[in-house]
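None of the figures in this text is laboratory data; all of them are computed from the coordinates on show. As the structure is a prediction and not an experimental result, all values here were calculated from the model. Every residue, glycine as well, gets a Cβ built from its backbone with ideal geometry; the counts of neighbours run over all protein chains shown.
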Amino acid sequence: MKQTLKVRLSVMMFLQFFIWGAWAVTLGTYLGMTMNFDGTEIGLIYGTSAIAAIVSPLIVGFVADRFFSTQKIYAFLHLAGAACLMMASYAEDFNSIYLILLLYGICYMPTLALANSICFHNMSDPDKYFPAIRVLGTFGWIVAGLLVGFWEIEQDQTPLQLAALVSLMLGLYAFTLPGKSPNNMPIEKPHWRDVFRLVIKGPFFIVFISSIFICIPLAFYYNFTNLFLNEVGVVNAAGKMTIGQMSEMAFLLLMPLMFRRLGVKWMMLIGMFAWALRYLLFAYGYESDQTIWMLYLGIALHGICYDFFFVTGQIYADQKFPNHLKSSVQGLMTVATYGVGMFIGSLVSGTVVTQNTLDGTKDWLSIWWVPAMMALVVMVGFYMFFNEKHKKQSKEASEAA
């Protein structure tokens, strides 16, 4: 693989996640502190990305593969997304912002898979080259957060406008990227019945269900952490939240070693426990200067929370399914987690925040206890049912032998 191509794809990944990191982290702060939206409204607006995650596989799998070259639809979606973000920055009421960001989500979410597709199509050895290129995406998210925090623009619409500008840049840049032409193949009959039949068998079904349920407390972090940090007086909250992405990068490098030593069950249990611990640290870390370290530790746990649960689940899915179904299973996991799970989580988190707000003051102690207990319940359920399914599968295998 040529060095120039590596650089071009790395730039694409950097810009791809810079856009998301520029606006998504601080949107709750802008909506809550500047637009005076309540928790329910903020949760609903964040839920637009979850709805888009459900719709996006239809765009990627049907339109992109069959009618347009990948880089062209990728470019068009980012150009359309730039227009949506700019309109959202000037919208002044809930209905307008909701509808515009729903349209934006439908534009942006497919580009995550399209960016991967462009990379894989141009790599002779994806296992070797892709991680080094993908990590530039996480770096882009970090840079976006540091800039937003340094410029002190978390409470206004400037992050939306910054993301719109970079989306315009990436849209134009994408036309220069190498891609693949549409295959013009006849549409095959879906094999979702085969996928579901295999998903519901064995321990993977517990992983699948747990992934949906853990996304409910996960939504509390994505939707309200920046607002929480700003309300309790943390300076440069967006910049400090990038500690989580730095942690994610570090634990990604440790994943192969940890996976071999701990295995799927314990990796995922540790990940779920880290979610509960993070929220308890948030619940008590803002009470004084002596406990502020708890907030930073809670943010730093993001690497364990995300990598140990979600990345482990993706690896487990890749191990357990035949080659011709692996992509479909990964797509189903994305729809279930970032779609169904995060949508429910957006509704629940918004409702909890609203119910624990009195005269504009939020009871963050009570708010953070809710996702902490949710994560612990999912963890206990996962442990009990995963063990049961695993024993049952082992017994059936022994009897068949």
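With springs only between Cα atoms under 10 Å apart, run a GNM on the chain and tell me which of Thr48, Thr34, Thr334 wobbles the most.
Thr34
Using Cβ contacts closer than 10 Å as the measure, can you line up Glu231, Glu248, Glu154 from fewest to most?
Numbers: Glu231 18, Glu248 22, Glu154 26.
The fewest-first ordering by Cβ neighbours comes to Glu231, Glu248, Glu154.
In a shell of Cβ-Cβ distance under 11 Å around Val148, excluding Val148 itself, what net charge do Lys and Arg (+1) and Asp and Glu (-1) give? Walk me through the numbers on the way to the answer.
On the way: positive: none; negative: Glu152, Glu154, Asp156.
Net local charge, Val148 excluded: -3.
Full-extension gain between Met33 and Met384, please, as 0.36 nm times their residue separation minus the C-alpha to C-alpha distance. Write down the numbers at each step before the final one.
Numbers: separation 351, 0.36 × 351 = 126.36 nm, distance 4.21 nm.
Result for the pair: 122.2 nm of gain on full extension.
Pop a pseudo-label 7 angstrom from the Cα along the beta-carbon direction at both Lys2 and Leu165 and give the gap in nm to one decimal.
3.2 nm
May I ask you to sort Tyr129, Tyr316 by Cβ crowding, counting other Cβ atoms within 10 Å and putting the fewest first? It would help to have the intermediate numbers written out before the result.
Details: Tyr129 18, Tyr316 21.
Listed from fewest to most nearby Cβ atoms, that is Tyr129, Tyr316.
Neighbour counts of other C-beta atoms within 10 Å: give me His302, His121, His78 arranged from fewest to most.
Details: His302 23, His121 13, His78 26.
Fewest to most other Cβ atoms nearby, the residues stand as His121, His302, His78.
Under the rule of -39500 (n - 2.57) per DSSP H run of 4 or more residues, summed and divided by the residues of the chain, what mean residue ellipticity at 222 nm is obtained, to the nearest 500 deg cm²/dmol? It would help to have the intermediate numbers written out before the result.
Values: 15 runs with 303 residues, N = 401.
The helix contribution divided over the chain gives -26000 deg cm²/dmol.
With Rg/Rh (Cα atoms, Kirkwood Rh) defined as stated, name the option among (1) 1.00; (2) 0.96; (3) 1.02 computed from the structure displayed.
(2)
Between Arg261 and Thr291, what is 0.36 nm times their sequence separation minus the Cα-Cα distance? Round to one decimal in nm.
7.5 nm
When the scattering of the range 191-395 is computed by the Debye formula from its Cα atoms alone, each counted once and equally, what is log10 I(q)/I(0) at q = 0.10 Å⁻¹?
For the range 191-395 at q = 0.10 Å⁻¹, log10 I(q)/I(0) is -0.45.
Rounded to the nearest 0.05, what FRET efficiency do Thr354 and Trp151 give with R0 = 30 Å and r taken as the Cβ-Cβ distance? Could you check? Present the calculation step by step, with values, prior to reporting the outcome.
Numbers: r = 30 Å, r/R0 = 1.00.
After rounding, the FRET efficiency stands at 0.50.
Modelling each spin label as a point 7 Å along the Cα-to-Cβ direction, I'd like the Thr361/Ser124 distance in nm, to one decimal.
6.6 nm
For the residue pair Lys72 and Glu92, what label-to-label distance in nm results when each label sits 7 Å from Cα along the Cα-to-beta-carbon direction?
The modelled label-to-label distance comes out at 4.1 nm.
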